[in-house]
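A short write-up of the structure that comes next.
The values are calculated or read from the model by the stated rules, or taken from the named source; none is laboratory data. Predicted, not measured: the structure shown is a model, and the values here were computed from it. With ideal geometry, Cβ positions are generated from the backbone for all residues, glycine too; neighbour counts draw on all protein chains shown.
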Amino acid sequence: MRTLPAGRSRPAGTRPAGGRAGGGAPAGVPTGAARRRRAVRPGRIALNACAAAVLAVMAFPVYWMFATAFRPTAEIQAGTPGLWPAHPTLEHFAAAVAADGFWTFWRNSLAVTAAAVLLALTVALLSAVAVARMRWRGRGPFIVMVFAAQMAPWEALLVPMFVIARDTGLLDSLAMLTGVYFMITLPFTIVTLRGFLAAVPAELEEAALVDGCTRPAAFRRVIFPLLAPGLMATSLFGFVTAWNEFAFVNVLIIKDRDKRTLPVWLSSFRDVFGTDWGATMAAATLFALPVLVVFLFLQRRVGAGLTAGAVKG
Amino acid sequence: MKHRLLAAAAALALAATAAACGSGSGGGSAAPADSGPVRLTVWIMDGSVTDELVKRFETGYESAHPGVDLDVQIQAWDGIGERTTAALASTDAPDVIEVGNTQVAQYAASGGVRDLSGEVADLGGADWIPGLAQPGNIDGRQYGVPWYAANRVVVYNKDLFAKAGIEAPPRTRDEWLEITARLDRGGDQGIYLTGQTWYALAGFVWDEGGDLAVKEGGRWKGALDTPQALAGMDFYRRLQALGKGPKDADEANPPQHEVFAQGRVAQMISVPGGAARVLEVAPEMKGKLGFFPIPGKTADKPGAVFTGGSDLIIPEASRHPDAAYAVVKALAGEDFQTELAKTMNFVPNRASLAHVLDADEGTAAMARGAANGRATPNTPNWAAVEATSVIKQYMTAVLTGKDPATEARKASEAITTTLNSGS
Amino acid sequence: MRTRNLWPYLLIAPTVAGGVFLLLYPLLRAALISVQHFRMGELVRGGARLTGLDNYRELLAAEEFWAVTLRTFGWTAVNVVLIVGLSTAVALMLARLGRRMRVALMSVLALVWATPVIAATTIFQWLFQSELGIVNRLLVALGFDSFQGHSWFADGGAMFGVLVALVVWQSVPFAALTLYAGLTTIPAELYESARIDGGTGPQIFARVTFPILRPMFALVTSLEVIWVFKCFPQIWVLGQGGPDGATTTLPVYAFKVARVLHRYDLGSAVAMLTVAVLAVALAGNLRRMLRQEGAGS
């Protein structure tokens, strides 16, 4: 029980806890000697150049969003934009924040997303325990159903959902929206959580049981702390999905515009800002920001969590 | 069928009560029955009115009707068909919705729109201009209340015309091309015409003697592939090339009045009200905007134009039909119509108000053009043709170098299919 | 530890309940609509009547449906091949990089992955904007003058290309990080012995890496197939499936038919067929899954 890998109890950032891969030297923290030796190899330089290129290509669109958001309009429309904003300004952010209803939409998005994710996590955790820790009749089909549920054609369910919401008086209600988002994120959350759970050795739990813990107590005291990174990583998947959704908002929120969410607002940005790309990019930045912040905050854990979860799939 | 008849009867009965109240102290008299103020939601399309006019109407109406809390929401054009349908199908719809005049028929056909036939007299319907009243009238029942009409003119920048030494607006299409080419130099655009301004194309096609679709023996047929329609498209292509309008977008993306407001565009095709929106963005351009009707093939007749306009409808699912009717009555009444015509340069919904526009240069140009006004094919399915953007995509294809004849045939086939699919 | 009590069933009860009410029930409603005459009038008034398989017949007889289906397969194939190929390369690269570079690259991948779809789509609209977009400006600066004011969203092929770039850019991070996580679990000794046996890089990948990671490749590939096949917001926001339907895939088609043309019946039929197609395409994978799970873990 004390042989817990260090990477689990205190996830070591993006450093993998398991073995090392790769044809060349181990990819972990290299010794000084190894690093020196490597530095002179031309293959090494090519590899790093390659990585730098990938990094630049991947990062550029996001960078360009930030850069445009901070540029004065005149600079955006100038013939040759520099790589950096020459005269950074916050005017576009001011314009975006001042736009009609921004904070209301922002708050709605946050409330709906957080509620849906928490609900999905709780429900998924229960299922994941049943699947990863117990054997029962129907377990196989259940897993396959959960996997298959990811194929659900949500765009086609817009009209049935509208009819159901109308007939139950749930139009213009954030509760209905939360329910839908909960269901959209649930299958993936179960699949991933189950992976994380399977990576936690069952012996730990058994030992706790032997020590006289009840099963729920064993779960709470032993498994749950180990599962925390996994839960966080998974919540991020759900957060990104629910934060993005806009088709259902358009169908379920009709009359009460104070219940719309941020993606709807952003996808109709042209009506709000017209040709003002600076304000549009500022709005996109503000939209992406919560996810990026949560991500940066969780990133060290997520790195390790991803490793644990994905391997068992 | 029975269901519809019943609903119609109920609506008539309701309407009768509303009329009784309406003739008295207006919608306000209905309010005390409800607890607290009645919250009314009104959907107005983006571009119909300026923000300032909306605010003025809201404040004015609320102070005249203490029991009413008016919530005017400006709706984006993007996805409006879906939203309106959902609203009609809901149980608590917005109380008043502005609908394009080509769209009323399909909404009325769905059964979700209140029949206001009994109200026509109360609304002063005898005075309505026929071009607007007719699209709101389906099978003898009045579903849409005419709100305003407008057709496109050319709005031009007087400074740029003077700079290019152009004294008088063009009177024929050839002159138009010629002066536009002269205006299109340096950083200035001769005309800002986006690639998907389809009603401008419709005008050129009508001028050539073609049409968008024709009815042959009970069946509709797309007609963009006729020689006349192709000639219209060819003119559009030549005109569009004299500026930097994006070939793959319509005039709302980006809003053309904003582009025009930057002062480097000599002309744009717009309703006269577009000028008011330019001035909203760039007040310093006051006095610098001129208007002329879209030139025709010969100097004696202006170009054909699409008569656009809007109707107001009350959904069956409105929870406050009486109060909603009072709002419609105010919006369609003389006071607001006069203001609307003055501010937005629209043609008001009643003939007796036509004089309001006499002094205005923009509406004078519009009135001259309106003499040659035309409508889109008269079928409820036309709305679906607009919704599928098939004409817009055809235009973009031709403008970006595809073979016009082939593309026109494809587009016409698509239109044929859409117009003949039952609903 | 085979449990014979009720616990597992109690634990999955909320999931099952959610699934029944929020997924199965709407799905059944959608299936019902697909065999009804259900258009704007029926949505507003109710009272749809059954029409049997008429909608399916109409759909299967329409040339457009087959063109869209074919395009969807092409779209999925191009994207998934690019995503899996590129992310394998990136994962292998990650495994060989020095620590600092690796952390930097992983952080950027995470950043991209966390960028919301709508924001990403908006960014790409801006990058490829015809007059002020940086892509055209770079191309002109590089001497390709024909790209001055070039409309990327006007031509079917170009639009398709931009969409592929967008979807691949967004999807590579998840796949690459997942595959990299898998790579780190392969014991270094296996590589050592393979190298001693004289294997070259590609041979080692084919003989050691791939076989061990086969289940993971299968998982990543099938998830990407599902996601790309069903991909909707990017296509819709960027061009509504246009120009001229050149980027209309099945989900976009279903949405267009239902929401724009108000043919809810036909749209539901498209969706039902989409699910069927996807299920058939992934049937092998699902069956293998069932077999594995049946054997117990």
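Just a few scattered comments:
- Filter pass, residue B:121 being more than 23 Å from the chain's Cα centre (by Cα) and among the aliphatic types (A, V, I, L, M): yes
- Inside the range C:38-52, residues that are touching a residue at least 12 places away in the same chain (Cβ under 8 Å) and buried (at least 17 other Cβ atoms within 10 Å of the Cβ) make up a count of 6.
- The residue list A:262, A:171 contains one member that is modelled with pLDDT of 80 or more, within 11 Å of chain B (Cβ to nearest Cβ) and surrounded by 20 or more Cβ atoms within 10 Å (Cβ to Cβ), which is A:171.
- Among the residues examined, residue B:420 does not qualify as modelled with pLDDT under 80 and of a type in the set (S, T, N, Q).
- Being more than 12 Å from chain A (Cβ to nearest Cβ), touching a Pro at 6+ places or on another chain (Cβ under 9 Å) and either at negative phi or surrounded by fewer than 17 Cβ atoms within 10 Å (Cβ to Cβ) (or both) is a property that does not hold for residue C:76.
- Hits in the range B:234-262 (condition: in contact with a helix residue (DSSP H, G or I) (Cβ under 7 Å, 6 or more places away or on another chain) and over 28 Å from residue B:224 (Cβ atoms)): B:257, B:258, B:260, B:261
- For the range A:56-99, filtering for residues that are under 24 Å from residue C:173 (Cα atoms) and either away from chain C (no Cβ under 11 Å) or in a loop (DSSP other than H, G, I, E, B) (or both) leaves 0.
- Taking the range C:185-204 as the range and being under 32 Å from the mean Cα position of the chain (by Cα) and assigned to a helix (DSSP H, G or I) as the test, the residues that pass are C:201, C:202, C:203, C:204.
- Matching residues in the range A:133-160 - criterion: being at the interface with chain C (Cβ under 7 Å from one of its Cβ atoms) and among the charged types (D, E, K, R): A:135, A:139, A:155
- The conditions of being crowded, with 19+ Cβ neighbours inside 10 Å and closer than 30 Å to residue B:179 by Cα are met by residue B:151.
- Residue in the range B:228-243 that is among the polar types (S, T, N, Q) and touching a residue at least 40 places away in the same chain (Cβ under 8 Å) present: yes
- Residue list for the range C:1-24, restricted to those being under 28 Å from the mean Cα position of the chain (by Cα) and more than 7 Å from chain A (Cβ to nearest Cβ): C:16, C:17, C:20, C:21, C:24
- Filter pass, residue A:231 being surrounded by fewer than 24 Cβ atoms within 10 Å (Cβ to Cβ), in contact with a Leu (Cβ under 9 Å, 6 or more places away or on another chain), over 30 Å from residue B:250 (Cβ atoms) and at pLDDT 80 or above: yes
- Residue count for the range A:158-188 under the criterion of being of a type in the set (Gly, Ala, Ser), part of a loop (DSSP other than H, G, I, E, B) and at negative phi: the result is 1.
- Where helices (runs of 4 or more DSSP H) fall wholly inside the range B:69-151, the ranges with 2 or more residues that are within 14 Å of chain C (Cβ to nearest Cβ) and of a type outside the set (D, E, K, R) are B:80-89, B:104-110.
- Checked against (1) at the interface with chain A (Cβ under 10 Å from one of its Cβ atoms); (2) under 23 Å from residue A:250 (Cα atoms); (3) surrounded by fewer than 23 Cβ atoms within 10 Å (Cβ to Cβ), residue C:240 passes all but condition (1).
- Selection of the range A:130-142 for residues being out of contact with any Lys or Arg (no Cβ under 7 Å at 6 or more places or on another chain) and surrounded by fewer than 23 Cβ atoms within 10 Å (Cβ to Cβ) yields A:133, A:134, A:136, A:137, A:138, A:139, A:140, A:141, A:142.
- Scanning the range B:156-167 for residues that are β-branched (Val, Ile, Thr), out of contact with any His (no Cβ under 8 Å at 6 or more places or on another chain) and within 26 Å of residue B:233 (Cβ to Cβ) turns up nothing.
- For the range C:249-269, taking the residues that are of a type outside the set (A, V, I, L, M) and over 12 Å from residue A:159 (Cα atoms), the one that is nearest to the other protein chains (Cβ to nearest Cβ) is identified as C:251.
- In this structure, residue B:311 qualifies as away from every other protein chain (no Cβ under 14 Å), surrounded by 21 or more Cβ atoms within 10 Å (Cβ to Cβ) and among the charged types (D, E, K, R).
- Residue check: residue B:134 meets all listed conditions (1) closer than 16 Å to residue B:351 by Cβ; (2) touching a helix residue (DSSP H, G or I) at 6+ places or on another chain (Cβ under 8 Å) but one, namely (2).
- Only one entry of A:217, A:242 meets the criterion of being buried (at least 22 other Cβ atoms within 10 Å of the Cβ), away from chain B (no Cβ under 14 Å) and not hydroxyl-bearing (Ser, Thr, Tyr), and that entry is A:242.
- Residue C:29 meets each of the listed conditions (1) within 11 Å of chain A (Cβ to nearest Cβ); (2) surrounded by fewer than 19 Cβ atoms within 10 Å (Cβ to Cβ); (3) more than 20 Å from residue C:261 (Cα to Cα) apart from (3).
- Residues located in the range C:131-148, provided they are touching a helix residue (DSSP H, G or I) at 6+ places or on another chain (Cβ under 7 Å) and of a type in the set (Phe, Trp, Tyr): C:147
- Among the candidates B:166, B:97, the residue that is touching a helix residue (DSSP H, G or I) at 6+ places or on another chain (Cβ under 7 Å) and without any contact (Cβ under 8 Å) to a residue 24 or more places away in the chain is uniquely B:166.
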